[in-house]
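Here the structure comes first, spelled out in structure tokens, and everything after it is commentary.
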Amino acid sequence: MHNSWLIALRELKERIRSRSFLLMAFLGPFIILLLTYLLFSFGGNKVKHWNVLIVDHGGLFENKIMPGKDKAVSYSFYNGILELEEFTNREEFQKFDAFVEINEKIFKNKVGFVFYRNTPDPKMQTRVKFQIERRLEELLIEKNGKIPLKEYLKIKQPLVLTFADVYDPNNLAGNTRAWVGFFFGTLIFLFIALFGMTILRSVSSEKSNRIVEVLLATVSPKSLMLGKIIGIGIAAFIQFFIWSILIGFGLYLMRELVFIDLFAPENLNATLLSEGTSYTEQYFTNKTYNEFVDLIFNRIHYGTVLFFFILFFIFGYLFYGALFAAIGAVSGSENDGQQFVLPIIFLLLISLYSGYHFIHYPESTWAKMSHYIPFTSPIVVMVKLSMGYSEGETYSIYFSLILLILSAFVMLSIAARLYKNGILQFGHRIRMKLLLKWLKKT
Amino acid sequence: MKNKLEIEHVEKSFFGKKALDNVSFQVNGGEIFGILGPNGAGKTTLIRIINRIIEADKGGVKLNGNLLSDKDLKKIGYLPEERGLYKSMTVYDHLIFLGRLRGLSKLEAKQKTNKWLQHFSIESWKTKRIEELSKGMAQKVQFIGTVLHEPELLILDEPLSGFDPINVALIMEELKRFKEEGKIIILSTHNMRSVEDICDKAILIHQAKKIAEGSISELRTVNYNDVYEIIFKGNMIAFANSLWAGFELLDKTILEDNNKFRVTVKLLGNNNFHDLLKVLMESIEIESAKKYLPSMQDVFIELTQEKTEKNA
């Protein structure tokens, strides 16, 4: 292990000293921040005003949503049961742009739906989400009595408020939260692709400049491969850490300088303020809250998402990293190895597509399968995690994680065997027959 | 205790093709031992087995009486034929990295690196990146990386290739010093001149098998025990006529205008050197006569060709 660590440290130093690492560390976050800005500024159909009907059969909202008025959204309440057909066909509902379905179980399952006639821009979506969520939180606090902020934060769970087209309610692509999950999943695959290629190049160049023979005289092939994967993996993590800080800082700047003061003080809940409820007071008096902040800072349950993001990142990286290392080791030349990268890139693209597919058709067979398949699970789980697991489903994320961990170890042991038998072979062309021979050879 | 490396009945095949067939030999500390053989004979396979890069199918390798294990790898210094260094690293960082891989602490690695850089008067290279070095300079760095951790067993594959004559002499000096320190030194080379100059013993491998082994002087005389070299003045025809059925003229070289010659003659039957001189002295003027000692190059070619012909 000592030697693996020395190899890892060398790899790490080499990576973080390279110009491409520094360039990516700054360019990546810049591009993401730019895209975020563009999405929030110009994404979706610009809607100036929305007329929203809150269908609250149980009267949970008590026909109230916020104390003041929002110029962009008007709310009306309907305390009966409303079917989609009625909303689309009946004359009296035509003046509403959307309706929000509040069912009695909302406090328990944290799931609600917003059915719209025309897709609103992200700003409008998050504005409505924010206002409905705050009202729900307010009711939750009232329901549970006055509870301190700390206690409230403990029981607070993200609310899954899904936007759907009233004419096509099964298409859930409007779920912005799912897209945040997709973003996280894409980030995993972006890092896997970039740093996986680094593993491949590093193995190929050690092989072609023959230093591998000196290393193998001291280090076992398995330790060498592991050291390489770990070292480059740490570099990937550092890169990710830099991205997080820069993106976090960039988002903070956007919050402070670009997307400010959407919620004017007159919209604050005066009753709650006067009662001095600690959490709500802090929450609603914070002038910087707005829909942008809400999506980025409040709506994503970062604790859970980041926890699983890190685990799926690590094991997804090990799974694919082993594959890249094995290809580097078995290739007869650097060009030969590049050809075999294509199938892996293809696999990565299938994974990305699976995440995209999951957003649109979360109930399809492929969506369910791709949640467990180790090639696709890192991205699909991130999407599902952002959309929210219902109570009975939480086992599936652990099942998927265990499958990925086991697959990563199986992949590492297969790769170690190919690495051991292929690393000192030069000048050949990779053939399936040869790979099978090396796999069988102990 | 004197260092000793024993190779015992080592066999290795790759996908059914024999790369080494029952090869055994022993190398003692304080000896420089040559592993010779044509390309593809199995030398590299043997060296990789000693280094535990690959495992033998049969047989084993013992160091100082014990089967070689992974623990012993730190006692080995290996310089492969195909040199490889990380091009983007500095000389100093690279040597420390290699030293640490071979079990030195960071401090030891730094101290020994500084010592060697001073010893070779190349301290100014310390901060140079490997890619900035010439081939010979990189070879020197590689050599230091091989010996930095003061190994008991040195395995050097073509250690002199790429060096200019001054550096060849420098490396030779170092090898002689290691020999005096009692280290086991294994040298694989095609440079037969260097084998004659510094090797004490050698083994010749051909087509996966050991075909000869012994001290360098033994190898040089093994096929030439009854061959003598004579330099004489006189007539070549007279010389040839004086030889009778008991001798065979192997080779002749004209040294001066058809008047001075160097010949090699093989004794046949029970004839000895004295008999040869007796028959020649009456017809020619002998300037010198001595036992013929072929170059290692000749021995190498003769032994490998002989073996190939037999197998054919």
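The values are calculated or read from the model by the stated rules, or taken from the named source; none is laboratory data. Remember, it's a predicted structure, so these values are computed and weren't measured experimentally. Reconstructed Cβ throughout: ideal geometry from the backbone, glycine too, with neighbour counts over all protein chains shown. With ligands, DNA and RNA removed, areas are computed over all heavy atoms of the protein, side chains included. Shrake-Rupley method; radii C 1.70, N 1.55, O 1.52, S 1.80 Å.
Overview of results
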{"quantity": "Scan of region B:83-103 for residues that are open to solvent by 10 Å² or more (accessible area, probe 1.4 Å), assigned to a helix (DSSP H, G or I) and either of a type in the set (D, E, K, R) or at the interface with chain A (Cβ under 9 Å from one of its Cβ atoms) (or both), ordered by number", "calculated": "B:93, B:97, B:98, B:100"}
{"quantity": "Count of region B:1-44 residues which are surrounded by fewer than 19 Cβ atoms within 10 Å (Cβ to Cβ) and among the basic types (Lys, Arg)", "calculated": "4"}
{"quantity": "Residue among B:148, B:156, B:175, B:160 that alone is farther than 16 Å from residue B:121 by Cα and within 13 Å of another protein chain (Cβ to nearest Cβ)", "calculated": "B:156"}
{"quantity": "Residue under evaluation residue A:404, criteria (1) at pLDDT below 90; (2) under 18 Å from residue A:181 (Cβ atoms), criterion not met", "calculated": "(1)"}
{"quantity": "Candidates B:42, B:59, B:103 - the one that is under 23 Å from the mean Cα position of the chain (by Cα) and on the phi > 0 side of the Ramachandran plot", "calculated": "B:42"}
{"quantity": "Residue match in region A:228-247 (condition: within 12 Å of chain B (Cβ to nearest Cβ) and either open to solvent by less than 20 Å² (accessible area, probe 1.4 Å) or in contact with a Leu (Cβ under 7 Å, 6 or more places away or on another chain) (or both))", "calculated": "no"}
{"quantity": "Close pairs from region B:124-150: first among the acidic types (Asp, Glu), partner surrounded by fewer than 21 Cβ atoms within 10 Å (Cβ to Cβ), Cβ under 7 Å, at least 6 apart", "calculated": "B:131/B:87; B:131/B:88"}
{"quantity": "Region B:200-248: number of residues that are assigned to a helix (DSSP H, G or I), under 23 Å from residue B:21 (Cβ atoms) and charged (D, E, K, R)", "calculated": "1"}
{"quantity": "All positions within region A:75-113 that are open to solvent by less than 40 Å² (accessible area, probe 1.4 Å) and over 16 Å from residue A:56 (Cα atoms)", "calculated": "A:88"}
{"quantity": "Any hit, region B:44-60, residues being in a strand (DSSP E or B), touching a residue at least 60 places away in the same chain (Cβ under 8 Å) and facing chain A (nearest Cβ under 9 Å)", "calculated": "no"}
{"quantity": "Neighbours by Cβ (under 6 Å, 6+ apart or cross-chain): first from region A:1-29, under 15 Å from residue A:232 (Cα atoms); second charged (D, E, K, R) and open to solvent by 50 Å² or more (accessible area, probe 1.4 Å)", "calculated": "A:6/B:100"}
{"quantity": "The one condition in (1) touching a Leu at 6+ places or on another chain (Cβ under 7 Å); (2) in a helix (DSSP H, G or I); (3) not small (Gly, Ala, Ser) that residue A:433 fails to fulfil", "calculated": "(1)"}
{"quantity": "Residues of region B:176-199 that turn out to be part of a helix (DSSP H, G or I) and under 12 Å from the mean Cα position of the chain (by Cα), as a count", "calculated": "7"}
{"quantity": "Tabulated pairs, region A:374-401, first touching a residue at least 40 places away in the same chain (Cβ under 8 Å), second open to solvent by 20 Å² or more (accessible area, probe 1.4 Å) and among the polar types (S, T, N, Q), C-beta under 8 angstrom, 6+ apart or interchain", "calculated": "A:374/A:407; A:379/A:186; A:385/A:304; A:390/A:109; A:391/A:109"}
{"quantity": "Number of the condition not met by residue A:75 [criteria: (1) of a type in the set (Ser, Thr, Tyr); (2) in contact with a helix residue (DSSP H, G or I) (Cβ under 9 Å, 6 or more places away or on another chain); (3) at pLDDT 75 or above; (4) outside any strand (DSSP E or B)]", "calculated": "(4)"}
{"quantity": "Within region A:199-227, considering residues that are more than 14 Å from chain B (Cβ to nearest Cβ) and either β-branched (Val, Ile, Thr) or open to solvent by 10 Å² or more (accessible area, probe 1.4 Å) (or both), the one farthest from residue A:410 (Cα to Cα)", "calculated": "A:199"}
{"quantity": "Of the criteria (1) in contact with a Lys or Arg (Cβ under 8 Å, 6 or more places away or on another chain); (2) open to solvent by less than 30 Å² (accessible area, probe 1.4 Å), which one residue B:234 fails", "calculated": "(1)"}
{"quantity": "Hits in region B:131-152 (condition: modelled with pLDDT of 90 or more and in contact with a Lys or Arg (Cβ under 7 Å, 6 or more places away or on another chain))", "calculated": "B:142, B:148, B:149, B:151, B:152"}
{"quantity": "Selected residue (criterion: farthest from the other protein chains (Cβ to nearest Cβ)) from residues of region B:61-81 that are among the charged types (D, E, K, R) and over 22 Å from residue B:170 (Cβ atoms)", "calculated": "B:62"}
{"quantity": "Unmet requirement for residue A:375, which otherwise passes all of (1) part of a helix (DSSP H, G or I); (2) open to solvent by 20 Å² or more (accessible area, probe 1.4 Å)", "calculated": "(1)"}
{"quantity": "Candidate set: region B:104-121, residues that are outside any helix (DSSP H, G or I) and free of Cβ contacts under 8 Å to residues at least 24 places away in the same chain; chosen: the one nearest to residue B:140 (Cα to Cα)", "calculated": "B:121"}
{"quantity": "Residue among A:406, A:412 that alone is more than 13 Å from chain B (Cβ to nearest Cβ), over 18 Å from residue B:53 (Cβ atoms) and open to solvent by less than 30 Å² (accessible area, probe 1.4 Å)", "calculated": "A:412"}
{"quantity": "Cβ pairs under 9 Å, 6+ apart, first in region B:194-215 and of a type in the set (Val, Ile, Thr), second part of a loop (DSSP other than H, G, I, E, B) and at pLDDT below 90", "calculated": "B:195/B:189; B:203/B:37; B:205/B:37; B:205/B:38; B:205/B:41; B:205/B:42; B:211/B:37"}
{"quantity": "Breaking point among (1) touching a residue at least 40 places away in the same chain (Cβ under 8 Å); (2) within 30 Å of residue A:107 (Cα to Cα), for residue A:39", "calculated": "(2)"}
